[in-house]
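*Asks:* Here it is, the structure in full.
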Amino acid sequence: MAIPEGEPVPEEIPTVISCFDSVEEAEQFIEDGAPGDYEQLYPDGVSARAAAAATVTVGKIWTGTSRTGSVRVHWGAGSGCYGTTFGFPSLGSGWDNNIRSAEGFSNCWSSQYDGTSYTGSVLTCAPYCSTLGSMAARTSSIVYRPAGTFG
């Protein structure tokens, strides 16, 4: 969910998760406007064409170091982290405390937090961390911020 720079994070952030057999399928889904998922996050009636133009990959996380293992693709609405922040206050089953590398896309740096809802220790990847060092297998929430911004 996009949060304008300087605005507080909402208490309740909707979570929508879709699974794919390959990264290519996930990226095509985002390029197509995340059909079905976009409408759940933004139910106020956006056309399919507008949704496709408004979705972008903001980051990826992996269970292994150096972009190996299982991957989760995070996407958002808009043009990425140009004055906008995207937050994922929890990672869900199988991902919580299981991240070992991360990368931000679309002008995003990712901040990995060891607590849910952006609490505890933090490590910022600018934009890529092949390993999370002492934060390896400790990430419980992530914020994607504009490049140059640390968590």
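The values are calculated or read from the model by the stated rules, or taken from the named source; none is laboratory data. None of the values given here were measured: they were computed from a predicted structure. Neighbour counts run over all protein chains shown; Cβ positions are idealised from the backbone, glycine included. These accessible areas exclude ligands, DNA and RNA; they are computed on the full protein's heavy atoms, side chains included. Shrake-Rupley method; radii C 1.70, N 1.55, O 1.52, S 1.80 Å.
*Asks:* Which residue out of T124, T139 is touching a strand residue (DSSP E or B) at 6+ places or on another chain (Cβ under 6 Å), in a loop (DSSP other than H, G, I, E, B) and either open to solvent by 50 Å² or more (accessible area, probe 1.4 Å) or at pLDDT 95 or above (or both)?
*Replies:* Step by step, each of T124, T139 is checked, and only T139 is touching a strand residue (DSSP E or B) at 6+ places or on another chain (Cβ under 6 Å), in a loop (DSSP other than H, G, I, E, B) and either open to solvent by 50 Å² or more (accessible area, probe 1.4 Å) or at pLDDT 95 or above (or both).
*Asks:* Look at the stretch 72-123 and say how many of its residues are touching a helix residue (DSSP H, G or I) at 6+ places or on another chain (Cβ under 9 Å), closer than 15 Å to S140 by Cα and among the hydrophobic types (A, V, I, L, M, F, W, C).
*Replies:* Looking only at that region, the number is 3.
Residues checked against (1) of a type in the set (K, R); (2) open to solvent by 40 Å² or more (accessible area, probe 1.4 Å); (3) over 15 Å from G148 (Cβ atoms); (4) in a loop (DSSP other than H, G, I, E, B):
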position	(1), (2), (3), (4)
S79	no, yes, yes, yes
Y82	no, yes, no, yes
T85	no, no, no, no
I99	no, no, yes, yes
E103	no, no, yes, no
S106	no, no, no, yes
W109	no, yes, no, no
D114	no, yes, yes, no
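*Asks:* Give T68, T55 a once-over and let me know the one that is under 25 Å from E25 (Cα atoms) and touching a helix residue (DSSP H, G or I) at 6+ places or on another chain (Cβ under 6 Å).
*Replies:* Answer to the check: T55.
*Asks:* Take T68 and tell me if it is at pLDDT 90 or above, surrounded by fewer than 19 Cβ atoms within 10 Å (Cβ to Cβ) and among the polar types (S, T, N, Q).
*Replies:* yes
*Asks:* Just to check your reading of the model, which residue among G45, G33 is assigned to a loop (DSSP other than H, G, I, E, B), open to solvent by less than 40 Å² (accessible area, probe 1.4 Å) and at pLDDT below 90?
*Replies:* The match here is G33.
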